[in-house]
Amino acid sequence: MVSVANATKGSSQAIDYIMNDRGQAVELDRNYVMGENGQDILSEFREVQSLNTRCEKNTYSIVLSPDGAQREFSKEELLQLTRDHLKNLGLENNQYIAYVHNSTKNQHVHIIANRIDFEGKAHK
């Protein structure tokens, strides 16, 4: 599996993109997030991010690409990979959303995660 992560300021457009994928995105998981569009979800992230005004790049954009050369993974397998990965990163208790993209030949998962936890600490 390959994981690529970037710390960003976050945007509603990025969230809307991962939730759509040309109409083919499939919601995999969400944690402490209720919004149904990028603007609402970013607003929820910003509430928690207001606990830490020093961290500017307070949102992670993560792409997980399992080795799908042999087969396509089930939703359950992708969910387990995603949760294990977030736990390994120490982000399992932060806000996040995760969506599967199947519009390319390489199945992958997009995750938008809040770097700021509920105590106002920035993930390193």
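See the values below:
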{"quantity": "Subset of segment 24-57 that is under 15 Å from THR8 (Cβ atoms) and in contact with a Gly (Cβ under 7 Å, 6 or more places away or on another chain) - its residue that is surrounded by the fewest Cβ atoms within 10 Å (Cβ to Cβ)", "calculated": "LEU42"}
{"quantity": "Failed condition for SER74, given (1) free of Cβ contacts under 8 Å to residues at least 12 places away in the same chain; (2) open to solvent by 70 Å² or more (accessible area, probe 1.4 Å)", "calculated": "(2)"}
{"quantity": "Among the residues listed as THR53, THR82, the single one being among the hydroxyl-bearing types (Ser, Thr, Tyr) and touching a residue at least 24 places away in the same chain (Cβ under 8 Å)", "calculated": "THR82"}
{"quantity": "Check on SER103, within 30 Å of GLY23 (Cβ to Cβ) and in contact with a Lys or Arg (Cβ under 9 Å, 6 or more places away or on another chain)", "calculated": "yes"}
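The values are calculated or read from the model by the stated rules, or taken from the named source; none is laboratory data. All figures in this text were calculated on a predicted structure; none of them were measured in a lab. Backbone-built Cβ (ideal geometry, glycine too); neighbour counts: all protein chains shown. What goes into the accessible areas is simple: the full protein's heavy atoms, side chains included, and nothing from ligands, DNA or RNA. Shrake-Rupley method; radii C 1.70, N 1.55, O 1.52, S 1.80 Å.
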